[in-house]
Structures are given as structure tokens and as C-alpha cells.
Amino acid sequence: MISAYNYFRRLRDLKNHPEEIPSVKQELYEIFHELPVGSKNLIETIIEDEKVDAAETDQIKGFIYREGHPGGYEIRLLFEIHDHVYGHNNDPSWEKFFLDETTEYFTENSNVKRKLPFAKAAMLYDQIKKTIKRIGMVSEVEMALLKKIIEITGDLIYMNGTDKRFLSGLFEEVLRDEKIDFNEVEMLKEMICQNSPPLEEDIDLLFDINLAIIDKPRDDFWQVLFVESVLLYMINKPSEINNKKTDWLERKFHRTTEKHQRLTPEEIELINALKQQTNEFPPVLNAYWTEYCQ
């Protein structure tokens, strides 16, 4: 299947250079001589039409199962096709097939801790980065895939237990446009709020994102997610914040005010919520409330 994967990539890259197709296509036919003609024709049709219909979905299904249960290169080929035909008039059976097959692949060998193995997490991260680079976002069907993986495995990664390189790395890509939309908020919610209370590194990421999108477009639900998640992290006991977390939050606010001479709207809403929900509001936080919230 590596031949089909590479053939698709090479031929797709030629689409922007049509004058080279006749000569290079013959060269590709010789390089990938072991790839069945029917498979080549299917790949060529999808690249040319930029869509997948019901009949082609059935052909792809038979194609990737030709050598047994789909493996890594078969799944990579599905992602290549997904990115190429995204946003076009695809038959609904294509997205269902893509979602079913990728979900099965990424969750079939989850270990006893029900975590996604490192190798598959790294592959998923790489594929989603490619999607973002090509179409500028995480697609709806990839969002559905991430949610299904979380439902089945209970997490997205298993990298020494709490390593969040996958999460932070993914959102470095998502936030390169310095805005956050509803799909991105939902993805964060799925990945961060699975821990109760949220982990500190998860909340660190929320603050990093919030600082990156200051004065930029953001979905209304972003503020809700930010405030509610930080509240869950900050308040350990009913109406109480400990000194360690107070110092941690003060450093976050100091970073924002040093850079922008003010707090973000989300941070202001957070201070107001903390003041309302705590019996003894820490003086250092009250100073920020006095300066920025009155």
C-alpha cells in the first residue's frame, strides 16, 4: 500500500503543473509498475475530480482491504484523499467510511490503560498538522474522529502519562491564524475537561492561547470554557483558593499586563467570578480586581 500512498502524493503534487503530467505520468507508471491499473485509475479520477462519490467509496474500501486489515499506509492514504477532496461535493458514504476506518485504526490496540499508543498519537498529530496546512483548519470529520478516540480510549495520547506535547503542538498549528473558532473550542473542551479538576499544564495552555488571541476573533464559547476551566482548577475546597495557586494566577496576570498593559476580557471575567465565589479573596488578586475590573 505504500505504492498507492506515494503514487497519490506524487500525482496530486503534479496537479498544479499540468504541463508536466504527460511525461511524469509515464515515469510514475514505471516506478509504480506493481500498482494495479484499476487502482491507478481510481487515484487519477479522484485527483482530477477532487471529490469521492458512492461508487468510488466502495472502490476505495475494496482497495485498502485488498491486502488484509488496513495498516498505517492505508490510513495515511485515506487522510491524503480526505485533504484533497475536502469541501467538495463528496457522497456522505465517503466521510462515514473515513471516520469508521480511522477510528478503528487508532483505537484497536489501545493498551490496558486505554490510552492511545505513542506511535499512533504521533501519526495522528502529523496527519492533522498536514490537514491544517492544506485546508487551514481541522475538518469536521477529523473533529468527530478526535471525539470518538477520546470516548473510546479516555485520552488522546500516552506519552509518559502526562506529557501534553500532542495537545500543545496541535494548537500551535491551529492558532497560527491567531483566532479561535467553535470547532477549536470544542476540541479543547473534549481534551482538557476530561480531567476533573483540570491539570495545571492544561490550564497553562488555555492562558497561552488566550494571550495569543488577544484582540483577535474568538467564538463566544471560548470565554465560557476559559473561565469555567480555570475556576475548576483554582478552587480546591468550597470558596477557598490556596496560596500556591494564588501565586500561580498572579504570575499569569502579571505576564498579560506586562505585555499589553491590561488584562484580557476573559481574565477580567475570571477575576469577577473568583471574587464572587470565594469567601476570602486573596489581596494580590483583589489588587488586580480594583485596577482592572471596577
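The values are calculated or read from the model by the stated rules, or taken from the named source; none is laboratory data. Please read all numbers here as calculations on a predicted model, not as lab measurements. With ideal geometry, Cβ positions are generated from the backbone for all residues, glycine too; neighbour counts draw on all protein chains shown.
Within region 238-267, how many residues are over 28 Å from the mean Cα position of the chain (by Cα) and β-branched (Val, Ile, Thr)?
Residues that pass the stated criteria total 3.
Among what's in region 131-153 and is part of a helix (DSSP H, G or I) and among the hydroxyl-bearing types (Ser, Thr, Tyr), pick the residue that is modelled with the lowest pLDDT. Steps first, please.
Going residue by residue through region 131-153, those that are part of a helix (DSSP H, G or I) are 131-135, 140-153.
After this cut, where a residue has to be among the hydroxyl-bearing types (Ser, Thr, Tyr) as well, the list is 131, 153.
Numbers: Thr131: 84, Thr153: 69.
Per the stated criteria, the residue is Thr153.
Quick one: in region 141-154, of everything that is charged (D, E, K, R), in contact with a helix residue (DSSP H, G or I) (Cβ under 7 Å, 6 or more places away or on another chain) and surrounded by fewer than 20 Cβ atoms within 10 Å (Cβ to Cβ), which residue is nearest to Lys96 (Cα to Cα)?
Here is the first cut: in region 141-154, the residues charged (D, E, K, R) are 142, 147-148, 151.
Retained after the next criterion (residues that are in contact with a helix residue (DSSP H, G or I) (Cβ under 7 Å, 6 or more places away or on another chain)): 142, 147-148.
Retained after the next criterion (residues that are surrounded by fewer than 20 Cβ atoms within 10 Å (Cβ to Cβ)): 147-148.
Numbers: Lys147: 15, Lys148: 13 Å.
Checking each candidate, the answer is Lys148.
Return yes when Glu19 is in a helix (DSSP H, G or I), more than 26 Å from Ile150 (Cα to Cα), modelled with pLDDT under 80 and of a type in the set (Asp, Glu) and no when it is not. Steps first, answer last, please.
Values: in a helix (DSSP H, G or I): yes; more than 26 Å from Ile150 (Cα to Cα): yes; modelled with pLDDT under 80: yes; of a type in the set (Asp, Glu): yes.
Yes, satisfied.
Cβ-Cβ distance below 6 Å, separation of 6 or more or different chains: which pairs start in region 109-130 with a residue that is farther than 18 Å from Leu78 by Cβ and at pLDDT below 75 and end on one that is hydrophobic (A, V, I, L, M, F, W, C) and outside any helix (DSSP H, G or I)?
Phe118/Met159
Does region 159-170 contain any residue that is part of a loop (DSSP other than H, G, I, E, B), modelled with pLDDT under 60 and under 15 Å from the mean Cα position of the chain (by Cα)?
For region 159-170, residues part of a loop (DSSP other than H, G, I, E, B), modelled with pLDDT under 60 and under 15 Å from the mean Cα position of the chain (by Cα): present.
For region 53-102, how many residues are more than 24 Å from the chain's Cα centre (by Cα), acidic (Asp, Glu) and at pLDDT below 90?
1
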